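See structure below.
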Amino acid sequence: MGLFDRILGEFVDVIEWTDDSSDTMVYRFERYGNAIKYGAMLTVRESQVAILVNEGRIADIYEPGLYQLETNNMPLLTTLESWPHGFDSPFKAEVYFFNMRRFTDLKWGTKNPVMLRDKEFSAVRLRAFGTYAIRIKDPTLFSKEIVGTNGHFVTGEISDQLRNQIISRFSSILAESGIPILDLAANYDDLSTFISAKITPEFLEYGLELSNLLVENISLPEEVEKALDKRTSMGIVGNLNDYLRYQAGAAIEAAASNPAVASAGLEMGLGIAVANELSKGLNVPGAKTPDAPPPIPQQRQFYVAVNGEKTGPFDLATLKQKIQHGEINRATLCWHQPLVDWMPAEKIADLDSIFPLQPPPIPNQ
């Protein structure tokens, strides 16, 4: 700062801050040598709080309004410096403005997929992202815990830490909820509420208030989504025999209405005949043919861990007998296709219903 700036600074008697950014949380009013004229006017606008810091200690705090910096308006600083009444000399202090408005549309999201166990799809990897908003709740605490002596503090300097905390709580809550993957979209609001309630106390330790946390999307890996799309398509097609007949009928109708393709009638007829023969030979579950009944569905086979050794396979009826005789309990490890890993018997849907019901805990008197 040059001599002219120094001279000009000594005569400036208005202290204010007009924020022209969208992400500044704290701003320190710059003056040459932190010198402030006695009687200077301090303007604190709506959504702002100003703090005077003297020799590293927080002194007086000012809510929105217009203040003349005199001993009457600086009680703590006057006490710290032992100023006499009527003191009129320049003094040194740092003025920090805290932006108390809400900072919205901050992003959070998983850097890496979150591993979870799903009842229907076994082990899956999920990605999630959303938005949240924060505001400064306690300027004094925020200054002590986060800002320190930073004269220009923006949201980007703390957003990474806040995002990591949100992701950590999100992963834990999602794993504990037990919500099936296909039902997650219907529970975004509940997940948002749970995460907010869990992490709000942690934000308050920084002097921040968390609000309007939203889960915008939870997605599966691309290859899993493609497999799920194929599974859905097969469900829509239904009976393959009827689907092939429908396709053949649509082709005949298209050929009849278009003379340009009428000459291809013979080739199309041969194609239809081949398709009919192919549909008869396909072993499609649920497809009915006049020559033979549908195949008998295969029963699921289970393997059981006994003394660290794999036994089996057993059908469901055999396992039911073993459970009744006490050879298998709820904690016994079992496996069947397509499970990725061994699981306790009580965690497998087909086996859980076989175990006798346990009485609920006795309520406290």
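Each reported figure results from applying straightforward, stated rules to the coordinates on display, with no laboratory input. Values in this document were obtained by computation on a predicted structure and should not be read as measured data. Backbone-built Cβ (ideal geometry, glycine too); neighbour counts: all protein chains shown.
With 22 Å as the limit, the listed pairs Lys92/Lys137; Lys107/Lys137; Lys37/Lys137; Lys107/Lys198 have Lys92/Lys137; Lys37/Lys137 beyond it between alpha carbons.
Suppose the chain between Ser168 and Glu46 were pulled fully straight at 0.36 nm per residue; how much longer would it get relative to their current alpha carbon spacing? Walk me through the numbers before you get to the answer.
Numbers: separation 122, 0.36 × 122 = 43.92 nm, distance 3.50 nm.
Additional length available on full extension: 40.4 nm.
Extending 7 Å from Cα along the Cβ direction at Glu309 and again at Thr24 yields two label points whose distance is 7.6 nm. Maximal additional length on extending the Asp352-Asn364 stretch stands at 1.5 nm, based on 0.36 nm per residue less the C-alpha distance.
Net charge around Asp160, counting only other residues with Cβ within less than 12 Å of its Cβ (Lys, Arg = +1; Asp, Glu = -1)?
Values: positive: Lys107, Lys111, Arg163; negative: Glu157.
Once all neighbours under 12 Å are counted, the net charge is +2.
The label point for Ala331 and the one for Ser211, both projected 7 Å from the Cα toward the Cβ, are 4.9 nm apart.
If the chain linking Leu80 and Ala317 were pulled fully straight, counting 0.36 nm for each residue of separation and taking away their Cα-Cα distance, it would gain 76.9 nm.
Between Tyr32 and Asn112, what is the FRET efficiency for a Förster distance of 41 Å, r being their Cβ-Cβ separation, to the nearest 0.05?
Efficiency for this residue pair is about 0.25.
Applying the Karplus relation 6.51 cos²θ - 1.76 cosθ + 1.60 with θ = phi - 60° to the range 17-27 yields 3J(HN,Hα) values of 9, 10, 7, 10, 10, 10, 10, 7, 9, 9, 9 Hz, where x marks Gly and Pro. Measuring r between the beta carbons of Val14 and Lys144 and using R0 = 22 Å, the FRET efficiency lands at 0.20.
Beta bridges per DSSP, both residues in the range 302-352: antiparallel share near 100 percent. Each of Glu70 and Thr200 was given a label point 7 Å from its Cα along the Cα-to-Cβ line. The distance between the two points is 4.4 nm.
Charged neighbours of Asp60, selected by a Cβ distance under 13 Å, balance to -3 (K, R count +1; D, E count -1). Each residue of the range 139-146 was assigned a 3J(HN,Hα) from its phi angle through the Karplus expression (A = 6.51, B = -1.76, C = 1.60, θ = phi - 60°), giving x, 4, 5, 4, 5, 6, 7, 10 Hz with x at Gly and Pro.
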